[in-house]
C-alpha cells in the first residue's frame, strides 16, 4: 500500500460547486494515463455543495510531483479558478490508516 497522498480543497463561488466538480472530473482521462496515480477521487460535499475535494494516492513522492506538474493539473488550474471563491488549498499528505477495497 502506498502512503503518499494529496488533498486539494476547492471552494466554489455560491452555486458553482457542480460546475467546479465537473471541470475537475473532466481531467480524468489525463489521470488514467499516469502510472504513478493509483487512486484519484473528486468529492463534492453534501454539507456544503460548493466545497469540492480532490483526493489522490501516489506510488511515491516523485509520482505526486509529476502529477502536480502534469496534464490533469494543468487542465484543472486553467479552467477552474474563475469559478472559485478562494485559491485552492493543496495539502501534500501521508496516509495514516487504510482499508483495502
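The values are calculated or read from the model by the stated rules, or taken from the named source; none is laboratory data. Only a predicted model underlies this, so the values are computations on that prediction, with no experimental measurement involved. For neighbour counting, all protein chains shown are included, and Cβ atoms are generated from backbone atoms with ideal geometry for every residue, glycine included.
Results for (1) within 15 Å of the chain's Cα centre (by Cα); (2) at pLDDT 95 or above; (3) within 16 Å of residue 88 (Cα to Cα); (4) buried (at least 17 other Cβ atoms within 10 Å of the Cβ), shown as yes or no for each residue.
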site: 39; (1), (2), (3), (4): yes, yes, no, no
site: 45; (1), (2), (3), (4): yes, yes, yes, no
site: 57; (1), (2), (3), (4): yes, yes, no, yes
site: 60; (1), (2), (3), (4): no, yes, no, no
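Given the criteria more than 18 Å from residue 10 (Cα to Cα) and over 12 Å from the mean Cα position of the chain (by Cα), does residue 66 qualify? Before you say what the answer is, go through the steps one by one.
Details: more than 18 Å from residue 10 (Cα to Cα): yes; over 12 Å from the mean Cα position of the chain (by Cα): yes.
Criteria met by residue 66.
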message: So, in the stretch 3-30, how many residues would count as being under 16 Å from residue 60 (Cα atoms) and surrounded by fewer than 18 Cβ atoms within 10 Å (Cβ to Cβ)?
response: 2
message: I'm trying to understand the selection: among the residues of the stretch 82-101, which are out of contact with any strand residue (DSSP E or B) (no Cβ under 7 Å at 6 or more places or on another chain) and within 18 Å of residue 7 (Cβ to Cβ)?
response: 87, 96, 97, 98, 99
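Quick check on the stretch 16-37. Is at least one of its residues in a strand (DSSP E or B) and touching a strand residue (DSSP E or B) at 6+ places or on another chain (Cβ under 9 Å)? Give the derivation first.
Initially, the stretch 16-37 is screened for residues in a strand (DSSP E or B), giving none.
The answer is no, given that none of the residues of the stretch 16-37 is in a strand (DSSP E or B) and touching a strand residue (DSSP E or B) at 6+ places or on another chain (Cβ under 9 Å).
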field: Count - residues of the stretch 47-101 that are free of Cβ contacts under 8 Å to residues at least 60 places away in the same chain, outside any strand (DSSP E or B), in contact with a helix residue (DSSP H, G or I) (Cβ under 8 Å, 6 or more places away or on another chain) and closer than 19 Å to residue 34 by Cα
entry: 6
- request: Output the number of residues of the stretch 15-44 satisfying the condition of being without any contact (Cβ under 8 Å) to a residue 40 or more places away in the chain, closer than 14 Å to residue 66 by Cβ and touching a helix residue (DSSP H, G or I) at 6+ places or on another chain (Cβ under 7 Å).
  value: 4
query: In this structure, is residue 51 surrounded by fewer than 16 Cβ atoms within 10 Å (Cβ to Cβ) and farther than 20 Å from residue 68 by Cα?
result: no
